[in-house]
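Quick notes on the structure that follows.
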Amino acid sequence: MDSDKYLAAVLDSQNLPEESVELEQLRTHRAEVEALLKREFGKARIRYGGSKAKGTLIRDAYDLDIMCYFDHDDTTAGKTLKDIYGSVQAVLAKHYNVQPKTSALRLRSKDTSTLGQDFHIDVVPGRYVDESDGDCFIYQNSGEKERLKTNLDVHIQHVKDSGVLDAIRLLKLWKVRRSLRIKQFVFELLVIKLLKEKKPASLAAQLKHVWQELRDATEPQSVEDPANPGGNDLSKVLDAATWSELSSAARSTLNSIELLGWEQVYGPNVKVSAEDRTGKLRAAAAAVVTPTKAWCRNA
Amino acid sequence: MRIPWHRANPSLLARLENDVRGPYPDLRVVVENECVHLRGSFPIVSDGLTLDRYQIDVCIPNDFPDAVPTLREIGGRVPWVLNRHVNGKGEACPVVPEEWLLNPKRDSVLCFLNGPVRDFLLAQSLVEAGDPWPFSWRAHGIDGLYQAYGEILGTTDPACIRRYLQYLSKERIKGHWECPCGSGNKLRNCHLNEVRTLQMKIPTNVAKRALQRLGQDGQQA
C-alpha cells in the first residue's frame, strides 16, 4: 500500500460515527453539564467548541469544549474573570471530579463505580468583551496575563478553512500518541502555518514537511492567534522546552519512516470487528504463560 | 542520598530509549523533576494486530531497579476502583511490588512493559468488553500482600510471615534465635536451612520493603 493510501486508511480508522458509543456518551454528558450550568447560571450562554466543531476529531482523543460565557455586564457568577472561573468550578465540583487546566475545567467522574473516568469534556468559563457577542475574555490561571481575548467562531473557522484538516488530524494523532505537551490549538495554528504553501502536496509530503520543519528549526517558530493577532502572546505555550520536545519527536519519527516505514509511526492498519477483537483479546490473555497477579494498594 | 540511576549513568537513558523504541515506538522517555517517565500510547498487540491502545505514564523510580516502576493510565479510560486494580489516586497496581523485585528480569523496563503492564491493560480491555478479569489476582490491600509474601515464604500465617520478613531483613541470622515458624524452638534446631535458602532468594532490601509495606497498608486498611 502506498503511503497516501495507508494514511487515508489511518484517518478512516480514526473516524467516530455519530452513532458510536463514544459520541453517544459524550452527548449524554454534554446534556447533563449544560443542564447543570443553565440551572445554576440561568443567563449563561452555552456554546460548543473543540475538535468536533473544528472537524479535527480523532478516535484516540475526542473532546468537546463547552463554553460557558456570560454577558459583558453580567456579574451573577462573579465580578472578575477569576471569580467566574471559580464559581463555575464550584458548581461543577458538586457533581464532577474537576481538573483545573489553564483556562478550562476538565470533567472526570466522581461516581464511586467509575471514579476518575474522563468525560472528554472541557468547560471554559468566560465573559463577552462587549454586546457584539463575538470576542470573549477567558481567565488564565498561569502565565503572565490573567486574561486572554479569544473568539470561538474565529478559531473554528480558521481551522475549518485551513485546507489541511487531514494533516491536522494525523499530526494530532501523532502528538496524542506520544503525549507531547503542547496545547492543541497552538499546535493546530503551527501546522496551518507550516503547511501554508504546501496545500497541494500529498498527505505524506505534508506530514514529512511539518516534521522536517520541527526537526530543523533551532528556535521555536512564532504563531499568531487569529482571534487576537498581536495581542495574545503564544510564545509561552510554544517555548524552547516544548519546541525541543516536538523537535526530538519529529526527528525520531522521520528516522522511523526512513528505516522502517510509515507503519512504525501509526501502526499496522488492519481493521478488526468488535466481536473479533474480543475473541482475539481472550486468545491473547489465554496465551500469557505466567500472568502477573494484579493487586490494589490502599490509597 | 543515592544518585538517581539516570544521573549516575546517563548512557542508561539512551539505552532505555533504544530498548523501548522498537516494540513501543509511541512511548517517549521524559525526564521530569529528576524522575524518568515513559509516556505515550501503549498498544496491546497480538499476532501482529493492534487490538487496543492505552495512554500510559510509567515512572521509573530513582532507585530503580531496587524499586518498582509505577504505572498510570492517563487517558481517563480505566476507573480508579479496586476491582480494576487502580487505587483512588489513579495509581495502577499491576503486581505486588516485592513479587516483581524477586523476578530475575526486574532490572529490565522492557520486561516490566511486556509483563505486568501488558497483562494489566489486556485485562482492562476484556473487562471493558464485559468479561471478568482474565487472570488470577491478589486480594486488595494488606490481605493481598500476605498472599504474595506467604507464597514466597511458604506459609499463610500473617504473624509467621512478619517474623520471617524480620529475620530476612537482617544482615546476619543467628542460630540461637527463636525460629520464625512459631514453634518456640531455636532456629538452629528448626527451620534454619529453610531460612538460609530464603536468604539466598530474598535480598534484605526486599524483605525490608515488604515489612515497610505491611506497616503502611496495615495502617491504612
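The values are calculated or read from the model by the stated rules, or taken from the named source; none is laboratory data. Given the structure is predicted, the values throughout are model-derived calculations rather than measurements. Cβ atoms come from the backbone with ideal geometry, glycine included; neighbour counts cover every protein chain shown.
Listed by position, the helices (runs of 4 or more DSSP H) enclosed by region A:202-299 that each have at least 1 residues that are surrounded by fewer than 12 Cβ atoms within 10 Å (Cβ to Cβ) and within 14 Å of chain B (Cβ to nearest Cβ) are A:240-260, A:274-286. For the residues B:S125, B:S136, the requirement of being free of Cβ contacts under 8 Å to residues at least 12 places away in the same chain, within 14 Å of chain A (Cβ to nearest Cβ), closer than 30 Å to B:V45 by Cα and among the hydroxyl-bearing types (S, T, Y) singles out B:S136.
Just so you know, in region A:90-136 the residues that are surrounded by 15 or more Cβ atoms within 10 Å (Cβ to Cβ) and in a helix (DSSP H, G or I) include one that is farthest from the other protein chains (Cβ to nearest Cβ), and it is A:V91.
Could you tell me whether B:L145 is in a helix (DSSP H, G or I), within 9 Å of chain A (Cβ to nearest Cβ) and under 22 Å from B:Q199 (Cα atoms)? Criteria met by B:L145.
Looking at A:V124, A:V88, just one residue is touching a Gly at 6+ places or on another chain (Cβ under 8 Å), in contact (Cβ under 8 Å) with a residue 12 or more places away in the chain and under 15 Å from A:I138 (Cβ atoms), and that residue is A:V124. For the residues B:P25, B:P43, B:P65, the requirement of being assigned to a loop (DSSP other than H, G, I, E, B), surrounded by 21 or more Cβ atoms within 10 Å (Cβ to Cβ) and either within 18 Å of the chain's Cα centre (by Cα) or not assigned by TED's automatic domain parsing to the domain that holds B:L211 (or both) singles out B:P25. In region B:92-105, the residues that are in a helix (DSSP H, G or I) form Cβ pairs under 8 Å with partners that are charged (D, E, K, R), at six or more places apart or across chains, as follows: B:P97/B:R209; B:P97/B:R213; B:E98/B:R209; B:E98/B:R213; B:E99/A:K293; B:W100/B:R106; B:L101/B:D66; B:L101/B:R209.
Look at region A:158-179: where a residue is among the small types (G, A, S) and a partner is in a helix (DSSP H, G or I), sitting 6+ places away or on another chain with Cβ atoms under 6 Å, you get A:S162/A:I192; A:A167/A:Q206.
Give the residue, chosen from B:A92, B:A123, B:A148, that is assigned by TED's automatic domain parsing to the domain that holds B:L168 and modelled with pLDDT of 95 or more.
Details: B:A92 fails: assigned by TED's automatic domain parsing to the domain that holds B:L168; B:A123 fails: assigned by TED's automatic domain parsing to the domain that holds B:L168.
Sole residue among the options that is assigned by TED's automatic domain parsing to the domain that holds B:L168 and modelled with pLDDT of 95 or more: B:A148.
From the residues in region B:46-62 that are farther than 21 Å from A:R277 by Cα and part of a loop (DSSP other than H, G, I, E, B), which one is farthest from the chain's Cα centre (by Cα)? The residue in question is B:N62.
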